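K.L.:
Have a look at the structure that comes next, please.
The values are calculated or read from the model by the stated rules, or taken from the named source; none is laboratory data. All values derive from a computational prediction rather than experimental measurement. Using ideal geometry, Cβ is built from the backbone for each residue, glycine included, and neighbour counts are taken over all protein chains shown. Calculation scope for accessible area: heavy atoms of the full protein, side chains included, ligands and nucleic acids excluded. Shrake-Rupley method; radii C 1.70, N 1.55, O 1.52, S 1.80 Å.
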Amino acid sequence: MTATETDRGRARVADPGEGIGLDELALATRNHGLPLEALRYDVTPPGLHYVLTHFDIPAVDPATWTLEVTGAVARPLRLTLADLRARPAASARVLLECAGNGRARYEPRPVSQPWLLEAVGTAEWGGTPLAPLLEEAGISSDAVDVAFTGTDHGVERGVEQDYARGLPVAEAMRPDVLLAWSMNGAPLPPQHGAPLRLVVPGWYGMAHVKWLTRIEVLEQPFTGYQNATAYRITADAGDPGEPVTRIRPRALMSPPGWPDFMTRERFVRAGAVALSGRAWSGQAPVTRVEVSTDGGTTWADADLAPADPGHPFAWRAWTASWDARPGQAELLVRATDATGEAQPVAQEWNRQGMANTLVQRVPVTVLER
Ligand SMILES: Nc1nc2c(c(=O)[nH]1)N[C@H]1C(S)=C(S)[C@@H](COP(=O)(O)O)O[C@H]1N2
Ligand SMILES: [Mo]
């Protein structure tokens, strides 16, 4: 590493051909993904949901923990978990995806948590809506952003910080934004933010602040590290770029057949093979899922399960049938949403490896019957 590469705020990009380092492996073993066969569940069992934690999972005593609502409010609040639980209950089935999903597929590779495709999951988050709490606190009519701070603390690219994210006030006031204390009907597990996390349906994972302890209403834009420096789509280190916000459309396939232990290469027997997976977008409903079984030369529409109005931010199932002939095949899947955005088949690189929705490719060996 050169001095420039360790400059405050700058992420390193791997040299051409440089393999995954022990630093990236250490992150990957802490922050696990969704095994792709778990795409089969409408609601991801908690241990199979992906996990991403920048620093350490903090020690939090729920009995003494409090949530502070402060800043540009007429009546600052301090609430215990019991105070929050006494408020109106709400729940939502929400897909979470890390903005770094797909990062390790970029060439050159931005050095950070090396996700391939699996930083995703869908859970039933239970808690209470945020907006009425901000109203009760007397949120300023000049509010611009609302900052959410977790109790976890660390240093990232030379900057010591509590994990904190700002959210535009219009998003924070959406009726479906939750302060959540349960996941799939059970208390939040430590790794998912116990005792309380934010859930912002449709946004990439970084917005869903875990171990939430402080909410501060701001009359000017939030300039904290995780908004101003991290989570930006930038061409190079000097470019401030665009903030990462909503989840872009993606479809994933449960790889068919059976895997090789080491290589994860797939095998099926010739004949009719049922293909299935999930598709989602946080921007707009998914309108189309297409599958290619010939390496991307031809595409056919998959059957997409109808949108469930009860769960607008959950993933949707898709299925397709494949007449597999002996030999080598490469399967691809791509989603399009109602904004017209479709997943790219060639990479659209950015320096921090954010929101890479490059299509999934699944090589398969088709055996004689
Ligand atoms: N306090 C805090 N909240 C956080 C994070 C964190 O490191 N600290 N990571 C964020 C990121 S980058 C993601 S992708 C999601 C992951 O949520 P999960 O671990 O529950 O899947 O949490 C977000 N909330
Ligand atoms: Mo993330």
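K.L.:
Considering only protein heavy atoms and a probe of 1.4 Å, how much of the accessible area of segment 149-270 is carbon and sulfur, as a whole percent?
P.N.:
Using a 1.4 Å probe with all protein chains present, segment 149-270 comes out at 57 percent carbon and sulfur.
K.L.:
A further question on this structure: Based on the Cβ-Cβ distance of residue 131 and residue 298, what FRET efficiency does E = 1/(1 + (r/R0)^6) give at R0 = 56 Å, to the nearest 0.05?
P.N.:
The formula returns an efficiency of 0.75 here.
K.L.:
Which three extents, in angstrom, do the Cα atoms of the chain have along their principal axes, listed largest first?
P.N.:
Rounded to whole Å, the extents work out to 71, 51, 37 Å.
K.L.:
Which order do the peptides 91-99, 77-85, 219-227 come out in when sorted by mean C-beta neighbours inside 10 angstrom, highest first?
P.N.:
91-99, 219-227, 77-85
K.L.:
Turning to a different aspect of this structure: Of 263, 53, 283, which is farthest along the charge dipole of the chain in the positive direction, counting Lys and Arg as +1 and Asp and Glu as -1 at C-beta?
P.N.:
Of the options given, the answer is 263.
K.L.:
With no solvent and one point on each alpha carbon, what is the Debye value of log10 I(q)/I(0) for segment 177-270 at q = 0.14, 0.15, 0.18, 0.25 Å⁻¹?
P.N.:
Once normalised to I(0) and log-transformed, intensities are -0.80, -0.86, -0.98, -1.25.
K.L.:
Moving on. How much length, in nm to one decimal, is gained on full extension between residue 321 and residue 242, taken as 0.36 nm per residue of separation minus their Cα-Cα distance?
P.N.:
24.5 nm
K.L.:
Give me the number: length gained by fully extending residue 82 to residue 265, i.e. 0.36 nm times residue separation minus the C-alpha to C-alpha distance, one decimal in nm.
P.N.:
60.9 nm
K.L.:
Then there's this: What Kirkwood radius, in Å to one decimal, follows from the Cα pairs of segment 250-367?
P.N.:
Taking every pair of different Cα atoms in segment 250-367, averaging 1/r and inverting gives 15.1 Å.
K.L.:
Full extension from residue 365 to residue 223: what is 0.36 nm times the residue separation minus their Cα-Cα distance, to one decimal in nm?
P.N.:
46.1 nm
K.L.:
A further question on this structure: In segment 207-247, which residues have a backbone nitrogen under 18 Å from the label point lying 7 Å from residue 55's Cα in the Cα-to-Cβ direction?
P.N.:
Answer for this model: 207-216, 223-231.
K.L.:
Points 7 angstrom from Cα along the Cβ direction at residue 70 and residue 276: gap in nanometres?
P.N.:
In this crude spin-label approximation the distance works out to 5.0 nm.
K.L.:
Here is a follow-up. Cβ neighbours within 10 Å, averaged per peptide: list 164-175, 336-347 in order, most packed at the top.
P.N.:
Highest-to-lowest ranking by the protection proxy: 164-175, 336-347.
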